[in-house]
Amino acid sequence: MPLQEPSPYEVLGIARDADDDEIDRAVGAALREERIAPEQVDAASAVLRNPARRLELDAQYLLPPEPVDEADRLLAPLLDEPLPFPRRAPLAPGDLLAVHRGEVEAQFAQPPAPPAGFPAVPERFAADLSVLPPIELPR
């Protein structure tokens, strides 16, 4: 379902946690006040009364996180400690390796046929080179 503007909650003027009774009252009030077109009120009501569509709508309108008071006090113990990055020796110029697409084709070749009695891999899940990103090698 594409993101709707305004949201059905805004159309009916209700909170996100409104139950069916609140939706009914909001629909009646919106139709009486004639502030919104009846078709838009009906569409908003239909979305909010369908649990699957309402869940999908709520997932699109995620609430922002609550602000945390005194965040600097809560994070102070973590900021006093050094970051736990592993120590590694610097790379020498010959340590970097470029792999050409042709060199890894064997790893993405079609797998062997499954043993008798074992279900085959559906064609849409077959291995191919489309899983590899395009690689541009410098000249």
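Read-outs: derived from the displayed coordinates by stated rules, not from any lab. Everything numeric here is computed off the predicted structure, so don't read it as measured data. Cβ coordinates were reconstructed from backbone atoms using ideal geometry, including for glycine residues, and neighbour counts include every protein chain displayed.
So what are the ³J(HN,Hα) numbers for the range 55-62, from phi and the Karplus equation (6.51, -1.76, 1.60; θ = phi - 60°), rounded to whole Hz, Gly and Pro as x?
5, 4, 5, 4, 5, 6, 10, 5
Along the charge dipole of the chain, which of A98, L132, A59 sits closest to the positive end, that is, farthest toward it, with unit charges on the beta carbon of Lys, Arg, Asp and Glu (+1, +1, -1, -1)?
A98
Have a look at V41, V27, V121 and tell me which one the Gaussian network model of the chain (Cα, springs below 10 Å) gives the largest fluctuation.
Among V41, V27, V121, the largest mean-square fluctuation in the Gaussian network model of the chain belongs to V121.
Classify the range 10-79 as rounded, prolate or oblate from the Cα gyration tensor: take a ≥ b ≥ c as the square roots of its eigenvalues, call it rounded if a/c is under 1.5, otherwise prolate when a/b beats b/c and oblate if not.
Since a/c reaches 1.5 and a/b is larger than b/c, the shape of the range 10-79 is classed as prolate.
Can you pull the Kirkwood radius for the range 54-131, inverse mean 1/r over Cα pairs, to one decimal in Å? Please list the in-between numbers first.
Details: mean 1/r = 0.0490 Å⁻¹.
Result for the range 54-131 stands at 20.4 Å.
Say each of A37 and A76 gets a label point 7 Å from the Cα, pointing the same way as Cα to Cβ; how far apart are those two points in nm?
5.8
Karplus couplings for the range 39-44 from phi (6.51 cos²θ - 1.76 cosθ + 1.60, θ = phi - 60°), rounded to Hz, Gly and Pro as x?
Taking θ as phi minus 60°, the curve returns 5, 5, 5, 5, 5, 5 Hz for the range 39-44.
Go ahead and set up a Gaussian network model of the chain, Cα springs under 10 Å, then flag whichever of A113, A26, A37 fluctuates most.
A113
For Rg and Dmax of the Cα atoms in Å, pick the label among (1) 28.5, 77; (2) 14.7, 45; (3) 20.0, 67 that corresponds to the value derived from the coordinates.
It is the value labelled (1).
Please find, in a Gaussian network model of the chain (springs between Cα atoms separated by less than 10 Å), the residue of Q110, Q60, Q40 whose mean-square fluctuation is greatest.
Evaluated over the chain, the most mobile residue of the options is Q110.
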